[in-house]
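The values are calculated or read from the model by the stated rules, or taken from the named source; none is laboratory data. Computed from a prediction, not measured in an experiment: that's the story for all the values here. Heads up, the Cβs are rebuilt from the backbone with ideal geometry, glycines too, and the neighbour counts pull from every protein chain shown. Accessible surface is based on the protein model in full, side chains and every heavy atom, while ligands, DNA and RNA are left aside. Shrake-Rupley method; radii C 1.70, N 1.55, O 1.52, S 1.80 Å.
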Amino acid sequence: MHTQDTTLTANRQASPPLAHRIALVALCAASCSRAPAPAPTPMDPHSHAEPARVRVTHVDLDLSLDFDAQAIRGAARLDVQRTDPKAPLVLDSQGLGIERVVGVDGSAREFALSPGPERLGEKLTIQLADGDQAVRVEYHTTERADALQWLAPEQTTGGKAPFLFTQGQAVLTRTWIPLQDSPGVRVTYAARVRAPEGLTVLMSAKQLGRDTEGAFRFELDHAIPPYLIALACGDLSFRPISERCGIWAEPATVERARAEFEDTEAMIRASEEMFGAYRWGRFDVLVLPPSFPYGGMENPCLTFATPTVIAGDKSLVGLIAHELAHSWSGNLVTNATWRDFWLNEGFTVYFENRIMERVFGVERAVMEMQLARAELERELAELQPWQQVLHIDLAGKHPDDGFSGVPYNKGALFLFALEAAFGRERFDTFLRRWFDEHAFQSVTTAQFRAFLQRELFTVDREAARKIDVERWLTEPGLLPETPNPVSPLLGAVDEQVARWRDARSSDVLTTAQWSTQEWLHFLGAIAGDLDRAGMADLDRRFALTTSGNAEILCVWLRLSIQHEYEAANGALRQFLTNIGRRKFLTPLYKELMKTPTGQTNAREIYRTARGRYHYVARGTIDGIVGWNE
Ligand code: BES
Ligand code: ZN
């Protein structure tokens, strides 16, 4: 049993039962490599659930939001399918206060909570009675509800009402709902939510209006992975864009957001032409307060987005295309476990680019792809080999440890390589079939490989020879056959870079037509040649320190730290205090930590700002600044 020993050592924190199961996965991977058929429900090392024995199929929530206590209280009724009639129902729960579990007749059921590995919560085991097809779990959330961010009024744009939002992906839904928190266990859901007077509740589902007691009601009758159950509550207004799509945001933001995202309906149409019908009814976008830790989150019917993509010139709406694309890759066809995450994100970056091409033209799409590849190359230089693999091995690790640009950009480049080898027409037919045949299912990388083999590789053997699937999926780094997009727009920027290098003055630059991407490319290209005087010169001409564009400002602030350009110190502090998007915080805190003065500065800013960040961002930044208070 040497395999088991190694895995247990690598997973010292784990309590025996889950560690055992992780070990079993490792054992199976080692000894069953010749077995051809993938298991129908692959074991998920990041969930305690045992869905092959008893599986949750529907979740019915009855919740109250208590802003004063910062807690959600209520009940979840779980419908179950019992393959093994003797087996208990096993759920994931993290820090939930479980008050009582009852059958449909109201009689109590025994339950037990046992600790699991760090950051994966507890195992909640419920003894079912013979005829049970549903149980009701009465519970409340605690301060360990890491999915939730409760914002005080002053952390919102309006400043008057509090705000609450959830972030479920990857393994945080268990911190506010007791359920089988594995992307392989799809559920339909319904909810009834009470909130303080004057606040609006939204969820990732169809809105059914309010009941006689004023509670908000929702229903989603498509089965989704639990990480897509989402809720937000605050002072929210709505602006329509089309019959099926519109923008929710705080009143002060909603009009700007509507104007920025007015092409969303055109994006939905473009997607439908390429990948088939949009199957979720509405596609609304909720613009959150700036502490939202991600750029966007593809919650069904209601994408969550950071306000930092409102640049004023639509240059960052690729994010909307991205979250929309997840309506096919991710929400319709979902990664079965977190090691298959590239199936969600790689496909989505690829589609995002196809949508951008169709709506905004090929020049813009190629420009975005060239930047994506460049970013990936920079990132690969710093990642460990295991993190560079598409079919990443996460046994004994947390899903967030495998999070990087690899599943996104390397995944997308793999699909571009396939497109180049087989031709767009054939590849599009393949993709459409992939979605139609796996709609509302959770899929593994092995299933993708088998489908690729059957639908493409055996059909065009000549093209198949150009693609080494095994290496794409299992090796670190980039293959020689990786597509190398070359953007004429960025080529033109390079000419200006050359001119700037000769003159060392901003006078020679013509930037009026530049989008965010061209600015980012320019600043990246001249970064090594800049000094404090060069920064001051650029700032005088382009007022970069006061830029309202968060992408440009983030790069500029990083350069300011590097070159000790102190005129930007105030802007840096303000940025780090007001914005909680992890992608921006990470490079800035990392840059600060490179010098002793920067370290003092970073810790001092973080002391004030930390409380304003979501758990997800805090987790990352704690590690960077060495926070242990
Ligand atoms: N689903 C992701 C966000 C996510 C991934 C949350 C993993 C938690 C765990 C979302 O679709 C995404 O990829 N967002 C990107 C934006 C995109 C344009 C690349 C982001 O937030 O930066
Ligand atoms: Zn995504």
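In this structure, is Leu390 touching a residue at least 12 places away in the same chain (Cβ under 8 Å), under 18 Å from Leu478 (Cβ atoms) and in a loop (DSSP other than H, G, I, E, B)?
Yes.
If the requirement is being outside any helix (DSSP H, G or I) and more than 15 Å from ligand 1 (Cβ to nearest atom), which of these qualifies: Glu382, Glu377, Glu357, Glu363?
Exactly one residue qualifies, and that residue is Glu382.
Can you tell me which residue among Leu530, Leu538, Leu520 is out of contact with any Lys or Arg (no Cβ under 7 Å at 6 or more places or on another chain) and open to solvent by 40 Å² or more (accessible area, probe 1.4 Å)?
On inspection, the qualifying residue turns out to be Leu520.
Considering only residues that are in contact with a Gly (Cβ under 6 Å, 6 or more places away or on another chain) and within 19 Å of Val185 (Cβ to Cβ), which ones fall in the range 314-366?
Ala336, Asn344
Within the range 147-171, which residues are open to solvent by 10 Å² or more (accessible area, probe 1.4 Å), at pLDDT 95 or above and β-branched (Val, Ile, Thr)?
Result: Thr156, single match.
Within the range 375-387, which residues are in contact (Cβ under 8 Å) with a residue 60 or more places away in the chain and either within 13 Å of ligand 2 (Cβ to nearest atom) or out of contact with any helix residue (DSSP H, G or I) (no Cβ under 8 Å at 6 or more places or on another chain) (or both)?
Hits for the range 375-387 are Glu377, Pro385, Trp386.
Could you identify the single residue in Glu345, Glu363, Glu357 that is within 11 Å of ligand 2 (Cβ to nearest atom), within 28 Å of Ala277 (Cα to Cα) and among the acidic types (Asp, Glu)?
One residue alone meets the criteria, Glu345.
If you take the residues of the range 306-343 that are aliphatic (A, V, I, L, M) and within 9 Å of ligand 1 (Cβ to nearest atom), which of them is farthest from Ala266 (Cα to Cα)?
Val309
Scan the range 98-110 for residues that are in contact (Cβ under 8 Å) with a residue 24 or more places away in the chain and open to solvent by 30 Å² or more (accessible area, probe 1.4 Å) and report the count.
Number satisfying all stated conditions: 4.
Looking for something open to solvent by 20 Å² or more (accessible area, probe 1.4 Å), in contact (Cβ under 8 Å) with a residue 60 or more places away in the chain and either farther than 30 Å from Val287 by Cα or assigned to a helix (DSSP H, G or I) (or both) - is there at least one such residue anywhere in the range 550-567?
yes
Which numbered condition trips up Ile310, out of (1) over 21 Å from Asp263 (Cβ atoms); (2) among the β-branched types (Val, Ile, Thr); (3) away from ligand 2 (no atom under 14 Å from the Cβ)?
(1)
Residue check: is Arg174 open to solvent by 40 Å² or more (accessible area, probe 1.4 Å) and not in a loop (DSSP other than H, G, I, E, B)?
no
Go through the range 77-97 residue by residue and tally those that are hydrophobic (A, V, I, L, M, F, W, C), within 25 Å of the chain's Cα centre (by Cα) and either surrounded by fewer than 16 Cβ atoms within 10 Å (Cβ to Cβ) or assigned to a strand (DSSP E or B) (or both).
1
So, in the range 359-370, how many residues would count as being under 21 Å from the mean Cα position of the chain (by Cα) and either of a type in the set (Asp, Glu) or open to solvent by 40 Å² or more (accessible area, probe 1.4 Å) (or both)?
Residues in the range 359-370 being under 21 Å from the mean Cα position of the chain (by Cα) and either of a type in the set (Asp, Glu) or open to solvent by 40 Å² or more (accessible area, probe 1.4 Å) (or both): 1 in total.
Can you name the condition, by its number, that Ala129 falls short on among (1) in a strand (DSSP E or B); (2) among the hydrophobic types (A, V, I, L, M, F, W, C); (3) more than 24 Å from the chain's Cα centre (by Cα)?
(1)
Considering only the range 579-629, state which residues are over 25 Å from the mean Cα position of the chain (by Cα) and buried (at least 16 other Cβ atoms within 10 Å of the Cβ).
Of everything in the range 579-629, those that are over 25 Å from the mean Cα position of the chain (by Cα) and buried (at least 16 other Cβ atoms within 10 Å of the Cβ) turn out to be Leu592, Met593, Gly598, Asn601, Ala602, Arg603, Ile605.
Just one of the numbered conditions (1) of a type in the set (Ser, Thr, Tyr); (2) near ligand 1 (Cβ under 9 Å from one of its atoms); (3) outside any loop (DSSP other than H, G, I, E, B) is not true of Tyr294; which one?
(3)
Pull out all pairs, ordered by first then second residue, where Cβ-Cβ is under 6 Å, the residues are six or more apart or on different chains, the first lies in the range 394-411 and is at positive phi, and the second is open to solvent by less than 10 Å² (accessible area, probe 1.4 Å).
That search, which allows pairs on different chains as well, returns Gly396/Ile22.
Of all the strands (runs of 3 or more DSSP E) wholly in the range 182-278, which have at least 2 residues that are of a type in the set (Gly, Ala, Ser) and away from ligand 1 (no atom under 16 Å from the Cβ)?
Ranges flagged: 187-194, 237-242, 245-249.
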